[in-house]
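The values are calculated or read from the model by the stated rules, or taken from the named source; none is laboratory data. Please read these numbers as outputs of a predicted model, since none were measured by experiment. So basically every Cβ, Gly included, is an ideal-geometry build from the backbone, and we count neighbours across all protein chains shown. Note: areas computed on protein heavy atoms with side chains; ligands, DNA, RNA excluded. Shrake-Rupley method; radii C 1.70, N 1.55, O 1.52, S 1.80 Å.
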Amino acid sequence: MKKTLLFLLFFGLSITHAQEKVNFKKKKFYVPAIAYSQYPCLDNVLTQTTIYQVDKELKGEEIKFKKKFFNIDGYLKQPEGRLKIYVTIPLPQYSRTQADSTYDKENKQWKYSVYSNYRVNINVQVKCIDQIIFSQDFDNSEIDRVSGNLQKSQLTKAIEDTDRTIRESNVDENLGLERVLEASMYRIQYLLNYKLSYSTTESKEKFEFMTSKEHSEYAKMLSFQNEITTQLEQITVEKGFDAKLLAPHLAYLESLVVKYPQSEANSNIRFILTNNLAYAYLLIENKEKAIYYANLLIQNDQQTSRGTDIIDRVNKANFVDNIVRTHTNRFAELKKLGFKIQEDKEDARLAFFEKIERQDVDWEQEKITRTKYLGLINDRRNNILDSIAFQNNPELLAKIIIGLGGNEAIKNIQKVHLLSKLNFEESNVPQTEEKWATPTNYLLRKKMPDNYYEIINGPEAWSYQDRSVGEKWVKLNNSDYWEISNNLDPINLLTSFRFDLWNKLELLPDETSDGRLCYHLSYTEKTVNAKNRVIPKTEYHFFIDKEKFNIVSSEKTEFENGNRNSFERKVYQDYREITALNNGKIPHRILYEFEDYYGDTFYQEDRDKVEVNPVFSNRIFMKEVYAGGFK
């Protein structure tokens, strides 16, 4: 019996020792790749053309359509392209003229605008060489805003005059037809780009390698590490993975999954194995095995988000069953043909000289625009607070506002002062952050240990860094100004809740966030690029607790030229009551997750001091920032 106990003790210690010898080395790779079309037959098609069949009364519009539409990413426009888009456009049907109303709070009166309704039907058929791959009728209801800011007494006559003018005018005179047709065509072009386009992209791959030289599997696993590292560093969009060179290494890793079955003692080595296998099979586009090892990675119960992320990527990818989509020389050939290169150079040259000529004039106009916009945002927020019942999802909005202290308390906030401690991942250096905000001024002051300032003073915005080599004070550009100007709303500064986005947010099916069942609200802001393509600019997500109606988390994704540029997630915790908000609750602990050009950043903000006061002294801006720094 004693020998048996000694053997079991020795065996248990051996397992523990073996487990301890499995050390991790994390390595990230940024891999250039191709975002494929949904249709494999387009893999080696480089040119496109669009053929229009329009109503005889729209012949003048056809010339404009050929210039503006369709521009599909990853193709060169040619008269006889191999990707053919057939577009049939009948004459839009005018239905009626209607009116809409808005309340002008400053003048305390209603204002009216008139718009016309049209039914637009466009048929699109897409052929790859001679094979029809996509066909759809787009039956859209479009509106054309005719006039605005009318008095009620003017409304009836304006509607009658507009209706009569549209019915009696010919196509060439009717600008409404042009506007509604282009609105429909932009949406169709966006959809076709989603389905047909090819673009270069970059994926971030996280591999884990064994570093324990004492482990019996170290040598062969090191061979896999060297091979996968070499390939990942040499991959281009023209040349993908060499699956044959990886095959023996992957077979060896698969054998180790069998050799080390699921158990607590084997969790570390199984994490390395299943993680690497799932990522490798994702990269060589083996859908079944990527999902299989991603599920094993989840079952291993270490960083389960890795496995769910891989499964999500596989489900969204355009794979061909059991066939690796080859990397073509598509983009190399397009560059040789001069696709976009000359246009980009010419656009950049013209923009450079135009910027020099208009810089002073534009800045004066920008100051006027910013000042007006700050007042407009404040009025819009108060208008929403005064008319909750008339907003989108009014019951949910009302409960959120009550949770923040009520509409009157929110409207009366004139100053917010936050003092926070920041705890960064893998860092024990204490850092502090101080934020002040009023409806027109904002200051962020950090100690890291060097001073850093970021401020708005009316229409102007500046930043300051101790570490800066050149001038310490730098004037912020337009995009940075509008990015931080949201902090002029005290509620946004406290909780990231955006009143200005509320009526744009779409209520999606419920989701779980931070362990709580939440309402899910989303909105994607879009823009038009230089090629008249509608592309995403910023995507917002808000998650609201279904029981307490607190903001549980928020997410924001920024896009540059349609490609994801950065991701930001905040999780709001430890809600406490604030007396100045009539016992409304705001978060005192926030978890941040950032992903951008510099990599991943995680940190926690603990707010030790939060003052919400109805009175504000401008002394801190005048003394420390404006008078001292801008001269």
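Structure summary
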{"quantity": "Members of the stretch 41-64 that are open to solvent by less than 80 Å² (accessible area, probe 1.4 Å), in a helix (DSSP H, G or I) and either of a type in the set (A, V, I, L, M, F, W, C) or closer than 20 Å to I132 by Cα (or both)", "calculated": "C41, L42, L58"}
{"quantity": "Test set (1) modelled with pLDDT of 90 or more; (2) under 17 Å from the mean Cα position of the chain (by Cα); (3) open to solvent by 20 Å² or more (accessible area, probe 1.4 Å) - F542 fails condition number", "calculated": "(3)"}
{"quantity": "Any hit, the stretch 565-574, residues being closer than 22 Å to I72 by Cα, of a type outside the set (F, W, Y) and within 19 Å of the chain's Cα centre (by Cα)", "calculated": "yes"}
{"quantity": "Candidates K446, K548, filtered to the one that is in contact with a helix residue (DSSP H, G or I) (Cβ under 8 Å, 6 or more places away or on another chain), over 27 Å from D360 (Cα atoms), open to solvent by 40 Å² or more (accessible area, probe 1.4 Å) and at pLDDT 85 or above", "calculated": "K548"}
{"quantity": "Subset tally (residues that are surrounded by fewer than 17 Cβ atoms within 10 Å (Cβ to Cβ) and either among the hydroxyl-bearing types (S, T, Y) or on the phi > 0 side of the Ramachandran plot (or both)) for the stretch 482-512", "calculated": "1"}
{"quantity": "Considering residues of the stretch 185-209 that are open to solvent by less than 10 Å² (accessible area, probe 1.4 Å) and among the aliphatic types (A, V, I, L, M) only, the residue nearest to L283 (Cα to Cα)", "calculated": "L196"}
{"quantity": "Odd one out for N583, checked against (1) under 19 Å from the mean Cα position of the chain (by Cα); (2) among the polar types (S, T, N, Q); (3) open to solvent by 70 Å² or more (accessible area, probe 1.4 Å)", "calculated": "(1)"}
{"quantity": "Hey, E434 surrounded by 14 or more Cβ atoms within 10 Å (Cβ to Cβ), under 26 Å from the mean Cα position of the chain (by Cα) and either under 30 Å from N582 (Cα atoms) or of a type in the set (S, T, N, Q) (or both) or not", "calculated": "no"}
{"quantity": "Any chance K570 is among the basic types (K, R), surrounded by 19 or more Cβ atoms within 10 Å (Cβ to Cβ) and farther than 30 Å from E182 by Cα", "calculated": "yes"}
{"quantity": "Whichever residue in the stretch 466-481 is part of a helix (DSSP H, G or I) and touching a residue at least 40 places away in the same chain (Cβ under 8 Å) and, among such residues, is most open to solvent (accessible area, probe 1.4 Å)", "calculated": "N478"}
{"quantity": "Breaking point among (1) closer than 19 Å to F497 by Cα; (2) outside any strand (DSSP E or B); (3) more than 28 Å from the chain's Cα centre (by Cα), for N378", "calculated": "(3)"}
{"quantity": "Single match in K67, K84 (criterion: basic (K, R), at pLDDT 75 or above and open to solvent by 50 Å² or more (accessible area, probe 1.4 Å))", "calculated": "K67"}
{"quantity": "Inter-residue pairs, beta-carbon under 7 Å, first over 21 Å from T201 (Cβ atoms) and in the stretch 298-315, second among the charged types (D, E, K, R) and at pLDDT 80 or above, 6+ apart", "calculated": "N300/R270"}
{"quantity": "Any hit, the stretch 275-291, residues being surrounded by 18 or more Cβ atoms within 10 Å (Cβ to Cβ), more than 30 Å from R330 (Cα to Cα) and touching a residue at least 12 places away in the same chain (Cβ under 8 Å)", "calculated": "yes"}
{"quantity": "Contacts under 6 angstrom Cβ, first residue in the stretch 368-384 being in contact (Cβ under 8 Å) with a residue 24 or more places away in the chain, partner part of a helix (DSSP H, G or I) and aromatic (F, W, Y), 6 or more apart", "calculated": "R381/F499; I384/F499"}
{"quantity": "Residue among Q234, Q302 that alone is in contact with a Ser or Thr (Cβ under 9 Å, 6 or more places away or on another chain), open to solvent by 20 Å² or more (accessible area, probe 1.4 Å) and among the polar types (S, T, N, Q)", "calculated": "Q302"}
{"quantity": "Total residues in the stretch 247-256, condition in contact (Cβ under 8 Å) with a residue 12 or more places away in the chain and open to solvent by 20 Å² or more (accessible area, probe 1.4 Å)", "calculated": "3"}
{"quantity": "Meets criteria (over 23 Å from V610 (Cα atoms) and at pLDDT below 85) for S463", "calculated": "no"}
{"quantity": "Among (1) within 27 Å of the chain's Cα centre (by Cα); (2) closer than 30 Å to E593 by Cα; (3) at pLDDT below 75 - the single one V429 does not satisfy", "calculated": "(1)"}
{"quantity": "Residue, surrounded by the fewest Cβ atoms within 10 Å (Cβ to Cβ), within the stretch 1-40, restricted to residues that are of a type in the set (K, R) and modelled with pLDDT of 50 or more", "calculated": "K26"}
